Every structure is written in C-alpha cells, then in structure tokens.
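Quick note: the coordinates plus some simple rules give every number you see, no bench work behind them. Keep in mind it's a predicted model, so treat the numbers as computed, not measured. Every residue, glycine as well, gets a Cβ built from its backbone with ideal geometry; the counts of neighbours run over all protein chains shown.
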Amino acid sequence: MSGIINYLQTAKDNETVFRNILLDLKNHRKNRSMGIYIPENLETKANIEEIFAKYSTGNRMGIFTICDFEIEGDTATITFADMAILSGGGATLKYQINKDKTVAYLKPTTIVMSLC
C-alpha cells in the first residue's frame, strides 16, 4: 500500500457499486480483514466528492483512508489503510459485482500490518 491513487472518477462512474462496498465495509467491519480500522460511522450517503475529500485527501497519518477503488470486469477492489509510525494496518478487499450492481465480498488480496 503506497499512497492514495485518485479513484474519484472510477467511484463516480461506478457509484452504486462503490456505495454498496462502503455499506458492506460499514455493516461487516468485524468480519472483514483489518476491519478494526474501518470507522463504525463510515460515511456512505454523502456525495462521492465529499466521501473522497473526507477519506482520501489531506494529511492521512493515523486516519482511516481509502487509498484506491478499482473495477476490473465483474470484480471490484477497494484498498484502505490507517497507518501511523509503527502502528496501523490496512487491506485490499475484492468483491464480486452482480448484474444488479450489488456486491458480494470475495476475499482479501492484500493485508498490511505495521510492526510494533
């Protein structure tokens, strides 16, 4: 996980899928890899620009950050992190995109933990 990739246009172009993934993260944070870093009050209803600004801009040290969101065929991945010096972690999670734009969690593809 290295920095934030500007995923804003991808999120706009795939808004329903993006929001469904955010809802999954919020509702199933206890069951997702590195879910302890996902805020309980993760914003899912604001407009996409506001979500991007809140979770992907400014100084992100020690703050939950959405680093990337990608669509490839019928799968989507989201990368998030909450990294600080010698602490934190993050993950890239993969989702199946259904024909109706709902999503089904598949698996983590990357998990990162800082060493203490």
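Key figures
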quantity: Positive-pole candidate from 46, 103, 57, dipole of the chain, charges at beta carbon; calculated: 103
quantity: Flagged links, alpha-carbon separation over 20 Å, of 26/94; 12/101; 54/94; calculated: 54/94
quantity: Mean Cα-pair separation over length for region 50-116, i.e. relative contact order, pairs under 8 Å, 6 or more apart, %; calculated: 23 percent
quantity: Partners for residue 107 among aspartates and glutamates (Cα-Cα distance below 20 Å; same-chain residues under 8 apart left out); calculated: 24, 68, 70, 72, 74, 82
quantity: Reported label for calculated semi-axes √(5λ) of the Cα gyration tensor in Å given [x] 25, 18, 13; [y] 50, 19, 9; [z] 21, 16, 13; calculated: [z]
quantity: Computed over the chain: relative contact order in percent, which uses C-alpha pairs under 8 Å that are six or more apart; calculated: 24 percent
quantity: Signed unit charges on C-beta, dipole axis of the chain, positive-most listed residue 16, 69, 27; calculated: 27
